[in-house]
Amino acid sequence: MRMFLTLILCSLLCLLQMPAVSAQATSSSTDKAVRSTLETVGVKLDQPAVDVPASDTPAVDLQRKRAAAEKELNEITAPQALRKGVAGGQVDGRMAERRLLLQQLVQIYEQHLDALRNLEQMRPRVREAERQEKEWKEFSTPGPYSVLKIDELRDAARSMALTTQGVQTRLTMTESLAESTQRSLKASQEKARQLSERLEEVQDPAKREALTGDRDLARLRERVDGARTGMLEAEKKQIQEEVTEARHRLALLTRQVKVAEQDPAFTQQDYDKIKKRLDTEYQSLTDEMERAVIEQSTQRQAVAAAEATLAAADSRDTSSKPATSRPRADRLTQLTESIELKRLQYDNANLHVELLREMLSGLEQERHIWEIRFATARDTLSVVEEREASSKVAAAAKQIRGWKEYGLQQLGMVGNQISDVEDRLAESPSTAKAQYLTDRLRLSRHREDLYRRALQRTDSLLGVIDNKQAEFTHREQARSVLARMKEWGRASLVLLGNAWNVELFAAEDTIEVDGKSITGRRSVTVGKVVTALAILIVGYWLAGIMARFAERQAIARLQIDPNVANIIRQWALACFFLLLVIVTLMSVKIPITAFAFLGGALAIGVGFGTQNLLKNVISGLLLLLERPLRVGDVIEVDGIRGMVTSIGLRSSTIRDINGVETLIPNSNLLERNLTNWTYSSFRKRYSLRIAVATGSDARRVKEKLRGLAGQHGQILKEPEPYVLFEDFSEQALVFVLHYWIEISPGIDAATVASDLRFMIERTFAEEKIVRK
């Protein structure tokens, strides 16, 4: 039997999948017959994923489906069906759910039809918007164009941008909802298939009836999800068309703004019209402010009177008898509610005054912005002033947007309060309570209106600011590169001037006026510090040049020792630098007391850090007075031998035979063992040892050595060289040649000794004297 049913099902499925070659009525009747047959055996064909009609006229098909759904809904809502759905005084849950699902299905079909109608209406509008965007080339009237018209175009472009953003958000939400509905549809289909399969296996009539009811509900849910998916797809197409239209219109407005911005005009007539409007609004707000202040005072007095009445009634209630306590309690409640209402009225009056002040301030800001724009259009503002004004306007816009966020929060809170009062009114309270809640609702709505009005004014002011900033941006972009470079140069000078006057700190200073000492504070700015440093550097440089010139003149004309002149020059420079520091501080009006806070630190530094420095400086003075060495002397100290090249305040420099210069503190020259090879004379004796073979003629060797020494040009003739026979042995005779040379930068004792050795080697070889 089961195999037979399976064969029948396969045949019917093949019939459903064959192409439709007959008329629509035949196809429809065949389809119904097939589905009826399948349902009798407990098998259900899956519904399409989207319940979108397959006919050429979707709207007609949807109307037919809606009519069928309404018919089903009317059948189950008929009195006979309702009586069948009630058993034992209880309502059948499946019947109630089926009725709810059918109601949803009818509504979804209606929404789908609305979406199709809107889509048909949107397509011509999109084509028209696209045509206008492509065909528009220029305005019907030539330029220049009034700034008022340009502002209107900017406002329209901003509004259209917000519209595009909102429609795009709707599209995103619809796509997300469509995906969620697709998942729900798949779940409904899966549930229906599972119930159909279970129904095939169940033979018990009671269970089969229950499963049949569950399967029918699952199919109905599947129909609802499929219809909703089709409806969402239609809405998505409609919203996509709306997005396309908004983008075309936004592109057109953007082009119109760019064209109009190329040739703007801000005439005196336009400016007068704006001023007249602002004056009218200002006068109106001022009159309203006067009335609001009076209302505020009146409400304050009313609150005070109501509180006094409540206090008097409360005092009488404390002395009343228990029998009359309930009426008095009701009266106290009424008085309390009355005070709450009056306080709300007083709060509204305060809010009204506060918001009017903000709106008056906004009008002043708007007036200032229009003044800047008019001055900019007439080229009476410099670029720097325009940029500074733009930065101030941007800062004001930031504050205004902050207030707007606050106002929106307050508006939301008031809306929540209104919803709460409306919910309490819906609970059907007593007459007195209903009157109290009605008055409270009226006051809350009045407060909501106040916030809405202020927010509208805020949006208007922000629009003016945005137009001003857009105009400034366009002017910045339209400037040439050369103009921008000049403006950057001027801006840099302004920035440098501002930085020049930045105060680093303030120092106390005392001045005498008419014989009286007045203590004040002077600013130490960046400019003063830079000027002081410049004076110090230039002054010290000039002083160094003059000091070196004076040193040369003193040596040449006054025959002052170069070492003494050098030390005097260095001490003079040090004293002049201290004097220059004091004069510089006085010239730039930086009080010396500005460095008073460094007194303690300097004292500690002098005590520890400058101990060795002072010792070396004093040693330099002693070297100058005692003169144990001079520049050019050859000295030896701490194992270093060389010529003194300079004697400074703190240290002296020695250059050894290898050309290496060594800085030696002056204190070491006095405290350590110092050998001055040229202290009294530059003539110094040197010796050279020579050994010859035993048996050589000693006198001939002596004469040859003395003669070779006399031939060397750097060996002094007076005192003359001499030779000593120092020692003899079986192996050699030892002679010592003593000679004198004058130490100078051009004479090297080692070189002289080397020359003598070469000469002796050559002469001994010629004379057949054997050297050991």
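The values are calculated or read from the model by the stated rules, or taken from the named source; none is laboratory data. For clarity, every value in this text was computed on a predicted model and none was experimentally measured. Note that each Cβ is placed from the backbone with ideal geometry, even for glycine, and that neighbours are counted across all protein chains shown. For the accessible areas, the whole protein counts, side chains as well, though only heavy atoms, and no ligand, DNA or RNA atoms are used. Shrake-Rupley method; radii C 1.70, N 1.55, O 1.52, S 1.80 Å.
Summarise the accessible area of the range 369-414 (1.4 Å probe, protein heavy atoms) by the percent that is carbon and sulfur. Display every interim value, and only then the final one.
Working: 1400 of 2540 Å².
Of all accessible area on the range 369-414, carbon and sulfur atoms account for 55 percent.
Just the number, please: Stokes-Einstein D of the range 107-177 in µm²/s, Kirkwood Rh from C-alpha pairs, 20 °C, 1.002 mPa s. Before the final figure, lay out each step's value.
Numbers: Rh = 15.5 Å.
Value of D from the Cα-based Kirkwood radius: 138 µm²/s.
Between LYS273 and THR163, how high is the FRET efficiency from 1/(1 + (r/R0)^6) when r is the Cβ-Cβ distance and R₀ = 22 Å? Nearest 0.05. Walk me through the numbers on the way to the answer.
Working: r = 29 Å, r/R0 = 1.31.
It comes to 0.15.
Could you name the aspartates and glutamates in cross-link range of LYS702, using Cα to Cα under 20 Å and dropping any fewer than eight places away on the same chain?
List returned: GLU718, GLU720, GLU726, ASP727, GLU730, ASP755, GLU761, GLU766, GLU767.
So how much slack lies between ASN74 and ASP114, counting 0.36 nm per residue of separation and subtracting their Cα-Cα distance, in nm? Could you put the intermediate results ahead of the total?
Working: separation 40, 0.36 × 40 = 14.40 nm, distance 2.25 nm.
Contour length minus the Cα-Cα distance gives 12.1 nm.
So, with a 1.4 angstrom probe, what is the percent of accessible area on the range 697-772 that is carbon and sulfur?
Details: 2430 of 4690 Å².
Its accessible area is 52 percent carbon and sulfur atoms.
Could you work out how much longer the chain between THR333 and TYR406 gets when fully extended? Use 0.36 nm per residue separation minus the Cα distance between them, nm to one decimal.
Extra length available between THR333 and TYR406 comes to 22.9 nm.
Summarise the accessible area of the range 122-253 (1.4 Å probe, protein heavy atoms) by the percent that is carbon and sulfur. Don't jump to the answer; show the numbers that get you there.
Working: 3610 of 7240 Å².
That fraction is 50 percent.
At VAL736 and VAL631, where each label point lies 7 Å from the Cα along Cα→Cβ, what is the point-to-point distance in nanometres?
Each label point lies 7 Å from its Cα, and together they span 3.9 nm.
Hey, any idea what the orientation-averaged projected area of the convex hull of the range 405-484's Cα atoms comes to, in nm²?
6.5
How far apart, in nm, are the 7 Å Cα→Cβ label points at ILE560 and LEU360?
Roughly 8.1 nm, to one decimal.
Averaged per residue, what accessible surface does the range 727-770 expose to a 1.4 Å probe, in Å²?
Details: 2510 Å² over 44 residues.
Dividing the accessible area of the range 727-770 by its residue count gives 57 Å².
Place a point 7 Å from Cα of MET413 in the direction of its Cβ. Which residues in the range 443-458 have their backbone N less than 11 Å from it?
none
Find the centroid of the Cα atoms in the range 391-421 and in the range 112-136, then give the distance between the two in whole Å.
Between the Cα centres of the range 391-421 and the range 112-136 lies a distance of 37 Å.
Can you pick out the pairs among LYS134/LYS236; LYS134/LYS258; LYS273/LYS404; LYS186/LYS236 whose Cα atoms lie more than 23 Å from each other? Don't skip to the end; give the middle numbers.
Details: LYS134/LYS236 26 Å; LYS134/LYS258 16 Å; LYS273/LYS404 28 Å; LYS186/LYS236 20 Å.
Beyond 23 Å: LYS134/LYS236; LYS273/LYS404.
Tell me, what is the per residue accessible area of the range 454-496 in Å², probe radius 1.4 Å?
Working: 2500 Å² over 43 residues.
Here the per-residue accessible area is 58 Å².
Would you kindly state how much longer the chain becomes between ARG452 and ILE657 on full extension, computed as 0.36 nm times their sequence separation minus their alpha carbon distance, in nm to one decimal? Let's see the in-between values first.
Numbers: separation 205, 0.36 × 205 = 73.80 nm, distance 9.62 nm.
Using 0.36 nm per residue and subtracting the Cα-Cα distance, I get 64.2 nm.
Please work out the FRET efficiency for the pair VAL583 and SER428, using the Cβ-Cβ distance as r and a Förster radius of 56 Å; give the result to the nearest 0.05. Don't skip to the end; give the middle numbers.
Numbers: r = 95 Å, r/R0 = 1.70.
Rounded to the nearest 0.05, the efficiency is 0.05.
Go ahead and collect, in residue order, the members of the range 685-704 whose backbone nitrogen is under 13 Å from a label point 7 Å along the Cα-Cβ direction of ASP727.
Answer for the range 685-704: 689-692.
If R₀ is 22 angstrom, what is the calculated FRET efficiency for the pair THR254 and ARG479, using the beta carbon separation as r and rounding to 0.05? Walk me through the numbers before you get to the answer.
Details: r = 22 Å, r/R0 = 0.98.
After rounding to 0.05, the efficiency reads 0.55.
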